[in-house]
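Participant: Here's a structure for you.
The values are calculated or read from the model by the stated rules, or taken from the named source; none is laboratory data. The shown structure was predicted, so the numbers you read here are calculated from the model rather than taken from an experiment. FYI the Cβ positions are ideal-geometry reconstructions off the backbone, even for glycines, and counts take in every protein chain you see. Protein only, heavy atoms only, side chains kept; ligands, DNA and RNA dropped before computing areas. Shrake-Rupley method; radii C 1.70, N 1.55, O 1.52, S 1.80 Å.
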Amino acid sequence: MEKLLIEPNSAEIEIKKSRFISHFKAVATAEEALQFVEETKKKYWDARHNCYAYIVGDQKRFSDDGEPQGTAGKPMLEVLESRNLINAVVVVTRYFGGVLLGTGGLLRAYQQATIEGLDKCVIEEKKQGIRMEITTDYNGFGKIQYIAANDGAIVLDTQYTDKVLLDVVCEKDMAESFINKVTEATAGQAVYGEKKEVVYYGKGIII
C-alpha cells in the first residue's frame, strides 16, 4: 500500500568523522523535488556532497553528487521504495571527515542516514475511502462517535445546531458496514447526505 510523508524530519549520523545529514520533504511534482534539492544545496553550500533521491508518481530519480557511482542516490531511493513512499524527496548532506569509507561503507552510510531520518518522520498509509455527511440528534451523536472510533472512521468536522452535522470519512470497504451500524444504533433517525469516493490518510486530510 502506498504511503505518504505527512510530517518530515531529519537525522544526523557520524561515521569515521564524516557527518551525514538527511532531509525530507513531501512534494507533488518533480519540479518541487528538484527545488528542494537546490534549496538544501544552498543551505549546506560548504558540504562536500548533497546526494538526493525522489519518487513522484511514476517518476524516480537520484544523484550521487560526486560520490562513486551507485553508493549514494540509488541506495537512498531503495529505502524510499522499501517503505512504499510516494511523492517524497530525500537529500543527504555529507561533510567529509578525512577518512575514506570505501564503496560499501558509503552505501551503508547513505542508507542508514535515510533510514534514521525516515524513522523520525510521520508516515501514513494512503487509503481509498467514502466521505459522507450524517445528520443526527444529540442522542445519536454519541453513538455515532462510538461506532466511528471502533470502525476506524474519522470525524473530520462537527457542526452543532438543533441537530448535529458530522463530516465523516471511512475506508471504502468498511463504508456499508459503518452505515448499517449507524442506522441501527440511531433507529433509522440518522440522515445521510452526499457520499463520495476520496483518497485520504491517517489524520483524515483529503487529497
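Participant: So which residues in region 43-57 are in contact with a Ser or Thr (Cβ under 8 Å, 6 or more places away or on another chain) and not aliphatic (A, V, I, L, M), if there are any at all?
Facilitator: Hits for region 43-57 are Tyr44, His49, Asn50, Cys51, Tyr52.
Participant: Report the residue count in region 33-63 for those that are over 23 Å from the mean Cα position of the chain (by Cα) and surrounded by 20 or more Cβ atoms within 10 Å (Cβ to Cβ).
Facilitator: Residues in region 33-63 being over 23 Å from the mean Cα position of the chain (by Cα) and surrounded by 20 or more Cβ atoms within 10 Å (Cβ to Cβ): 1 in total.
Participant: Return a yes/no flag: does region 115-125 have any residue that is at pLDDT below 95 and either within 30 Å of Glu184 (Cβ to Cβ) or of a type in the set (D, E, K, R) (or both).
Facilitator: yes
Participant: Criterion first (more than 30 Å from His23 (Cα to Cα), modelled with pLDDT under 95 and either open to solvent by less than 30 Å² (accessible area, probe 1.4 Å) or out of contact with any strand residue (DSSP E or B) (no Cβ under 9 Å at 6 or more places or on another chain) (or both)) does Gly152 satisfy it?
Facilitator: So Gly152 fails the test.
Participant: On to the next question. Looking only at region 1-32, which residues are of a type in the set (Gly, Ala, Ser) and either exposed (fewer than 15 other Cβ atoms within 10 Å of the Cβ) or touching a Lys or Arg at 6+ places or on another chain (Cβ under 8 Å) (or both)?
Facilitator: As a first pass, look at region 1-32 and keep what is of a type in the set (Gly, Ala, Ser): 10-11, 18, 22, 26, 28, 30.
If the condition is that a residue be of a type in the set (Gly, Ala, Ser) and either exposed (fewer than 15 other Cβ atoms within 10 Å of the Cβ) or touching a Lys or Arg at 6+ places or on another chain (Cβ under 8 Å) (or both), then Ser10, Ala11, Ser18, Ala28, Ala30 are the ones that fit.
Participant: Give me the strands (runs of 3 or more DSSP E) completely within region 1-112, filtered to those with at least 1 residues that are small (Gly, Ala, Ser) and under 23 Å from Ile123 (Cα atoms), ordered by residue number.
Facilitator: In region 1-112, the matching strands (runs of 3 or more DSSP E) lie at 10-15, 18-26, 49-56, 88-95.
Participant: In addition: State all residues of region 51-77 that are under 12 Å from Val89 (Cα atoms) and of a type in the set (D, E, K, R); if no residue qualifies, say none.
Facilitator: Listed by number, the residues that qualify are Lys60, Arg61.
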